[in-house]
Amino acid sequence: MEIDPFRIRGHVPEFDAIVSEIKARSASTRARLRMKEISYGGDASETLDIFYPEGTRDGLPVHMFIHGGYWRMFSKRDYSYVADTITAAGAIAVIVDYALMPHVRMEVLVDQVRRAKQWVIKHIATHGGDVSLFTVSGHSAGAHLASFLFHRQEAFSGVSAALLLGGLYDLKPLQSSFLRSEIAITDREVADFSPMLHSYDEGCHATIAIGAEETPPFHRQADAFALRLRQQGLSVTNERLEGLNHMSSVRDLGLPETAIGRILGKTIAYAR
């Protein structure tokens with residue numbers, strides 16, 4: 001029996017089947033939807049895919065999604081399927097890639113997603129997007145990274161709403177998890193990059209979502225981070241996804257008719 005609450009594979013028997021499903025759905029999405037790959041920086045990992053909804057490309061909402069994988073696996077191509085829900089909501093989908101640990105450290109990943117956001121803010125109008133209608137989401141490690149996009153380091157983050165699904169907001173417990181031998185999160189990274197220790201743009205509406213079948217630490221972190229954001233003046237919605245675990249919840253994110261698919265649609269609509 002798996003005792004490490006952070007080792008997702010040990011708590012989700014259908015882990016491999018879900019990964020195979022979302023990869024197949026992502027290939028289908030890339031074949032069906034109009035898309036374009038863009039470089040937002042000079043490194044080979046610094047790319048993003050733009051997916052367009054049907055119809056006229058002018059003044060459309062823009063939604064950026066950041067994938068998970070404990071900062072050390074998967075790529076944007078594995079999560080193209082999320083664009084199905086985003087484009088069904090009438091928005092341009094931006095699916096972001098970033099470098100993977102341990103080849104680089106956490107500061108590189110945070111800097112990369114911030115620069116991807118800046119590329120979108122500067123250039124998305126030429127692709128038919130309206131940057132005043134900008135929202136973000138992320139799953140697991142991607143939710144962690146997405147939190148740095150509505151950080152209070154700027155007077156106005158430019159993010160109207162954020163959906164954080166199954167996120168990690170306190171990195172300290174991960175130092176004693178199976179990740180110790182895989183990415184070896186340092187004390188400095190805990191201090192600098194634990195979202196629980198940061199301040200956020202109170203103009204951003206945050207939705208903190210969690211599968212009901214997640215392990216206890218994910219529930220504790222979701223509740224604690226939601227409280228932290230409320231204490232800072234943000235409008236926060238908590239969502240508990242009944243019957244879903246860490247992997248089935250993100251699988252459903254690419255299906256507009258599911259509970260989390262509808263929540264993603266509401267997040268996009270919040271900017272309007």
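The values are calculated or read from the model by the stated rules, or taken from the named source; none is laboratory data. Owing to the predicted nature of the structure, the values given are computational and were not obtained by experimental measurement. All Cβ positions, glycine included, derive from the backbone under ideal geometry; neighbour counts span all protein chains shown.
Entry remark, the range 48-73: residues being buried (at least 22 other Cβ atoms within 10 Å of the Cβ), of a type in the set (A, V, I, L, M, F, W, C) and within 20 Å of P102 (Cα to Cα) number 2 in total.
Take G41 and decide whether it is within 23 Å of A161 (Cβ to Cβ) and not aromatic (F, W, Y). Break it down into steps so the answer makes sense when it comes.
Details: within 23 Å of A161 (Cβ to Cβ): no; not aromatic (F, W, Y): yes.
In short, no.
Once the range 248-257 is narrowed to residues that are crowded, with 20+ Cβ neighbours inside 10 Å and either touching a Cys at 6+ places or on another chain (Cβ under 8 Å) or among the hydrophobic types (A, V, I, L, M, F, W, C) (or both), the residue that is farthest from K172 (Cα to Cα) is L253.
For the range 74-90, the count of residues that are over 18 Å from F134 (Cβ atoms), more than 18 Å from the chain's Cα centre (by Cα), surrounded by 20 or more Cβ atoms within 10 Å (Cβ to Cβ) and not charged (D, E, K, R) is zero.
Looking only at the range 117-132, decide whether some residue is in contact (Cβ under 8 Å) with a residue 12 or more places away in the chain, under 23 Å from I183 (Cα atoms) and touching a helix residue (DSSP H, G or I) at 6+ places or on another chain (Cβ under 6 Å). No; the residues of the range 117-132 include none that is in contact (Cβ under 8 Å) with a residue 12 or more places away in the chain, under 23 Å from I183 (Cα atoms) and touching a helix residue (DSSP H, G or I) at 6+ places or on another chain (Cβ under 6 Å). From the set of residues in the range 223-272 that are hydroxyl-bearing (S, T, Y) and touching a residue at least 24 places away in the same chain (Cβ under 8 Å), which is farthest from G59 (Cα to Cα)? The qualifying residue farthest from G59 (Cα to Cα) is S248. Restricted to the range 169-201, and to residues there that are within 23 Å of M247 (Cα to Cα) and among the small types (G, A, S), the residue that is surrounded by the most Cβ atoms within 10 Å (Cβ to Cβ) is S194.
Sort out which residues of the range 1-36 are hydroxyl-bearing (S, T, Y), closer than 14 Å to T87 by Cβ and loosely packed, with under 14 Cβ neighbours inside 10 Å, and write them in order of number. Hit for the range 1-36 is S28, nothing else. With the requirement that a residue be assigned to a helix (DSSP H, G or I) and surrounded by fewer than 20 Cβ atoms within 10 Å (Cβ to Cβ), what does the range 229-247 give you? Scanning the range 229-247 gives R230, Q231. Every condition in (1) in a helix (DSSP H, G or I); (2) touching a Lys or Arg at 6+ places or on another chain (Cβ under 8 Å) is met by I210 except one, and the failing one is (1).
If you go through the range 142-168 and pick out every residue that is surrounded by fewer than 24 Cβ atoms within 10 Å (Cβ to Cβ) and farther than 21 Å from L60 by Cα, you end up with 6. Selection of helices (runs of 4 or more DSSP H) fully inside the range 99-197 by the criterion of at least 3 residues being touching a strand residue (DSSP E or B) at 6+ places or on another chain (Cβ under 8 Å) and either modelled with pLDDT of 95 or more or not aliphatic (A, V, I, L, M) (or both) returns 106-123, 141-147.
Residue count for the range 204-222, restricted to those that are in contact (Cβ under 8 Å) with a residue 40 or more places away in the chain and either in contact with a strand residue (DSSP E or B) (Cβ under 9 Å, 6 or more places away or on another chain) or surrounded by 17 or more Cβ atoms within 10 Å (Cβ to Cβ) (or both): 13.
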